[in-house]
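A short write-up of the structure that comes next.
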Amino acid sequence: MCGIIGILSTTKKDVGLYIYDALTIIQHRGQDAAGITTASKGRFFMRKGNGLVRNVFRTKHMEKLIGDMGIGHIRYPTAGSSSEAEAQPFYVNSPYGIAFAHNGNLTNANALAQEIFEQDLRHINTNSDSEILLNILASEIAEEQKHRINENDIFKAVTKLHLRVKGAYAAIGMIPGYGIFGFRDPNGIRPLILGERTTSEGTKYMLTSESVALTALGYKITRDIAPGEAVVIDRNGQVHSHQCYTNSRLSPCIFEFVYFARPDSIIDNISVYKSRLRMGEKLADKIKSKWPNEKIDVVMPVPDTSRTAALQLANHLDVKYREGFIKNRYIARTFIMPGQKQRKKSVRQKLSAIELEFKDKNVLLVDDSIVRGTTSKEIVQMARSAGAKKVFFASAAPPVRYPNVYGIDMASKNEFIAHEKTTEEVCEAIGSDKLIYQNLDDLIWSVQQGNPAIKTFDCSCFDGNYLTNDIDKPYLDNLAAERSDQAKEGNITNESSELIYNDAD
């Protein structure tokens, strides 16, 4: 998962600073690397590197990022992509010069890489599928052989790109002297939204992954980019759009609403916050049904993402809600720790329990999801050590049993604690007294209520149904083998940490 930003200003030449601010707002979408590219008088100016936005960019860098248009990217830490060379935005000099940033994952990347080399005569210099996507686009634009580009040339190129590329992709690009553009895959799996800000000095336009980047910087939300659609904003401030795929269907990733997106974001006209409230309500109904005789003294969230669902769950159960865990926000993410022992230590350093909230109580811990179980087990043990009489565990999402191939680092089913395990077996593995999961139908309902027009969601990590229809057992077996090889090389561990890094520290 990554975050992308594109800004064009009709008057000011300070977009670099706005892109920096916007990237910090969506920092929760990726903490592995950051980059900004701006354009002025036909030239690109770029700075990118590994680390948080605040660490990659200093005053001396921002002073050089001049221009009236620019794009930015923050990278989510997935296996095999830790090199600074793979930090985005990427750039190709032909045709016209294109800077490019991408969120998602291409499921036919290997075939495309070979195709680009043999048919398009282009060289791919990294292992990033984003570079592949950029070169596909550049090759299709070059087919027109025109001295000057216009919006129709971009629309034609994106139309051809959709026919070649499979997977999930929301992308933003920039051509110096012309403008910025963005497009979204035909299933709309990854989010992309357009906004504008008009002042007496002129108008600024922004394309970004989440609406919170718009509203926090004073932009008005215009609309979400439709699946299969491309949008071009030229340097005169004219917005052009075109549907580039005839059979598109909006099926956003439901895990955005469970975990990745900020609660104050709106994605495809759905409030993330309200979705999580409904998740809490549905989970409370299930607890009433399944555990009618169980005494729960207090409900506690596992910080931070589960707070909204946990609060609403407590209200519907008429049980006290308490913050039993305090987070140290100055500890590095557990996700990027290289080994299991170091990772366990980091969980203990990052969270501490308030003993008076646990002592002699039956505690219900609520988390947004349980992926690999490492963190869940540690947190249950912390609750017991703090004096809890009983520790119950509730997940606002169903069991994660299948790999996510659309941009989330869930590559091997063998990593999931729920793989080939019953709820009771997972409960025993994490050490809780009882465990309850959200029903998938209830999760879908919770999100769908925000926009009933959306009929399908990408729920592949829960149900194993892949929207692109190109994922089979050999594909998944190959992913698992690659994951195993990376583990042997020390790039990852097979017992990777739980997804608990939604705080953007």
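What to note about this one:
- ALA168 meets each of the listed conditions (1) within 24 Å of ILE74 (Cβ to Cβ); (2) in a helix (DSSP H, G or I) apart from (2).
- In the set (1) of a type in the set (Val, Ile, Thr); (2) farther than 20 Å from HIS242 by Cα; (3) buried (at least 22 other Cβ atoms within 10 Å of the Cβ); (4) without any contact (Cβ under 8 Å) to a residue 60 or more places away in the chain, ILE71 fails one condition alone, (4).
- Count - residues of segment 183-215 that are aromatic (Phe, Trp, Tyr) and open to solvent by less than 20 Å² (accessible area, probe 1.4 Å): 1
- Listed conditions (1) modelled with pLDDT of 90 or more; (2) out of contact with any strand residue (DSSP E or B) (no Cβ under 9 Å at 6 or more places or on another chain); (3) open to solvent by 70 Å² or more (accessible area, probe 1.4 Å) are all met by HIS419, apart from (3).
- Residue check, ILE66 of a type in the set (A, V, I, L, M) and over 29 Å from TYR406 (Cα atoms): yes
- Pairs where the first residue, in segment 440-462, is within 12 Å of LYS274 (Cα to Cα) and the second is open to solvent by 30 Å² or more (accessible area, probe 1.4 Å) and part of a loop (DSSP other than H, G, I, E, B), C-beta under 7 Å, 6+ apart: GLY450/ASN269; ASN451/ASN269
- If the condition is being assigned to a loop (DSSP other than H, G, I, E, B), open to solvent by 30 Å² or more (accessible area, probe 1.4 Å) and farther than 20 Å from ASP433 by Cα, then segment 274-321 contributes ASP304, ASP318.
- Test set (1) surrounded by fewer than 21 Cβ atoms within 10 Å (Cβ to Cβ); (2) more than 30 Å from ASP409 (Cβ to Cβ); (3) in contact with a Leu (Cβ under 7 Å, 6 or more places away or on another chain) - ILE221 fails condition number: (2)
The values are calculated or read from the model by the stated rules, or taken from the named source; none is laboratory data. These figures come from a predicted structure and were not determined experimentally. All Cβ positions, even for glycine, are placed from backbone atoms using ideal geometry, and neighbour counts span all protein chains on display. Side chains included, ligands, DNA and RNA excluded: accessible areas come from the protein's heavy atoms. Shrake-Rupley method; radii C 1.70, N 1.55, O 1.52, S 1.80 Å.
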